[in-house]
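K.L.:
Sharing a structure here in structure tokens format.
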Amino acid sequence: MIIDFHTHIFPPEIRQDRSACFTSEEAFYRLYSDPKACMIGARELIDTMDEEGVDRSVVFGFPWKEADRFRRQNDYIMEAVAAHPDRLIGLACFDADHPSAAAETQRCLAGGLSGVGELAYYESGITEDNLERLAPVMELCREKNAVVLIHTNEPVGHLYPGKSPNTLSQIYSLPQRFPENRLVLAHWGGGLFFYALLKKEVRETLRNVYFDTAASPFLYDPSVWEMAARIVGIDKILFGTDYPLLKPARYFREIDASALSQEDRARIKGDNAAALLGLTVA
């Protein structure tokens, strides 16, 4: 089973007039003001899944600041999952600092979604105040054994739209503060997995942390696949594309060219995600 753990879809009204969101949503403007920044719906995603040989995708929208907008977005995700239960797995997405974040989490988990994400702190980094406001969301997800996917990025290197000012210490504060939550850190966790080489503390702190590979061909040398498997363990790596940013084939070429065994490639491409989500692997 091949599972893409990181894809974005948007409801028709957003796709048809994205500019209506630019004024009140600064992060969205930075990521999607370029007309070349592609936005798709559920049907387009499934068509690509069929073309690329992907069995299931984890889908979510954008962490909107306005409550009405993130509720409508999450409604669309719930409708898409209900319409395609054998292909799509949905996460609830919203501004994690919003006062109604916990209520929205509860509503969406009750509505058939499998967790929360991709939460992001594009403007602030991940501060202590952010963690405090995130706590009720994490408590609900912990009670339901639901996954939480959080945007992270490497704190060094070139700048690009969507690169937040998070530090490695801030990223590390997530599993420190919420050790019992099942956390997925997007984009290789900003490189946090490298620190599993440390002899004390880190590997234990990361025991419930997984790393998705979204945007990896843009960010990392292909050797990252083998290095991550050796350092943090093959079972902690989740294939994710950030589609429609990149198609799965770009990742498959790197994975299949690596020295990883066929069994390990299968674990990255979907078996790990299936185990995390409680799905049966054919």
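K.L.:
Picking from 236, 199, 247, which residue would you name as being touching a helix residue (DSSP H, G or I) at 6+ places or on another chain (Cβ under 8 Å), over 29 Å from residue 107 (Cα atoms) and charged (D, E, K, R)? Explain how you work it out, then say what you get.
P.N.:
Working: 236 fails: over 29 Å from residue 107 (Cα atoms); 199 fails: touching a helix residue (DSSP H, G or I) at 6+ places or on another chain (Cβ under 8 Å).
Exactly one residue qualifies, and that residue is 247.
K.L.:
Only one residue in 67, 82, 120 is surrounded by fewer than 18 Cβ atoms within 10 Å (Cβ to Cβ), in contact (Cβ under 8 Å) with a residue 12 or more places away in the chain and either touching a helix residue (DSSP H, G or I) at 6+ places or on another chain (Cβ under 9 Å) or closer than 22 Å to residue 135 by Cβ (or both), so which one is that?
P.N.:
Numbers: 82 fails: either touching a helix residue (DSSP H, G or I) at 6+ places or on another chain (Cβ under 9 Å) or closer than 22 Å to residue 135 by Cβ (or both); 120 fails: surrounded by fewer than 18 Cβ atoms within 10 Å (Cβ to Cβ).
Matching residue, one of 67, 82, 120: 67.
K.L.:
Which residue out of 210, 195 is assigned to a helix (DSSP H, G or I) and either crowded, with 22+ Cβ neighbours inside 10 Å or touching a residue at least 12 places away in the same chain (Cβ under 8 Å) (or both)? Even if it seems obvious, please write down each step before you answer.
P.N.:
Working: 210 fails: assigned to a helix (DSSP H, G or I).
Selected residue: 195, the only one of 210, 195 that is assigned to a helix (DSSP H, G or I) and either crowded, with 22+ Cβ neighbours inside 10 Å or touching a residue at least 12 places away in the same chain (Cβ under 8 Å) (or both).
K.L.:
Follow-up question, since we're still on this one. Being of a type in the set (Asp, Glu) and either touching a residue at least 60 places away in the same chain (Cβ under 8 Å) or exposed (fewer than 15 other Cβ atoms within 10 Å of the Cβ) (or both) is the filter here; which residues of the stretch 227-253 pass it? Quick ask: steps written out before the conclusion?
P.N.:
So the first thing to find is which residues in the stretch 227-253 are of a type in the set (Asp, Glu), and the list is 235, 242.
Within the stretch 227-253, just 242 meets the criteria.
K.L.:
Identify, please: which residue in the stretch 244-280 is more than 19 Å from the chain's Cα centre (by Cα), among the small types (Gly, Ala, Ser) and not in a helix (DSSP H, G or I) and is, among those, nearest to residue 212 (Cα to Cα)?
P.N.:
258
K.L.:
Quick one: residue 157 ticks every box in (1) outside any strand (DSSP E or B); (2) surrounded by 17 or more Cβ atoms within 10 Å (Cβ to Cβ) except a single one, so which number is it?
P.N.:
(2)
K.L.:
Residues of the stretch 5-21 being closer than 14 Å to residue 64 by Cα and either within 19 Å of the chain's Cα centre (by Cα) or surrounded by 14 or more Cβ atoms within 10 Å (Cβ to Cβ) (or both), which ones?
P.N.:
Hits for the stretch 5-21 are 8, 9, 10, 11, 14, 18, 21.
K.L.:
For the stretch 240-270, which positions are of a type in the set (A, V, I, L, M, F, W, C) and in contact with a strand residue (DSSP E or B) (Cβ under 6 Å, 6 or more places away or on another chain)?
P.N.:
Residues of the stretch 240-270 of a type in the set (A, V, I, L, M, F, W, C): 245-246, 249, 252, 255, 257, 259-260, 266, 268.
If the condition is that a residue be of a type in the set (A, V, I, L, M, F, W, C) and in contact with a strand residue (DSSP E or B) (Cβ under 6 Å, 6 or more places away or on another chain), then 268 is the only one that fits.
K.L.:
Take the conditions under 30 Å from residue 41 (Cβ atoms) and either without any contact (Cβ under 8 Å) to a residue 12 or more places away in the chain or surrounded by 18 or more Cβ atoms within 10 Å (Cβ to Cβ) (or both) and apply them to residue 264. Does it pass? It would help to see each step written out before you state the result.
P.N.:
Working: under 30 Å from residue 41 (Cβ atoms): no; either without any contact (Cβ under 8 Å) to a residue 12 or more places away in the chain or surrounded by 18 or more Cβ atoms within 10 Å (Cβ to Cβ) (or both): yes.
No.
Every number in this text was worked out from the coordinates using simple rules, so none of it is lab data. In this text the structure is predicted, and so the values were computed from the model without any measurement. Glycine also receives a Cβ, built like all others from the backbone with ideal geometry; neighbour counts cover every protein chain displayed.
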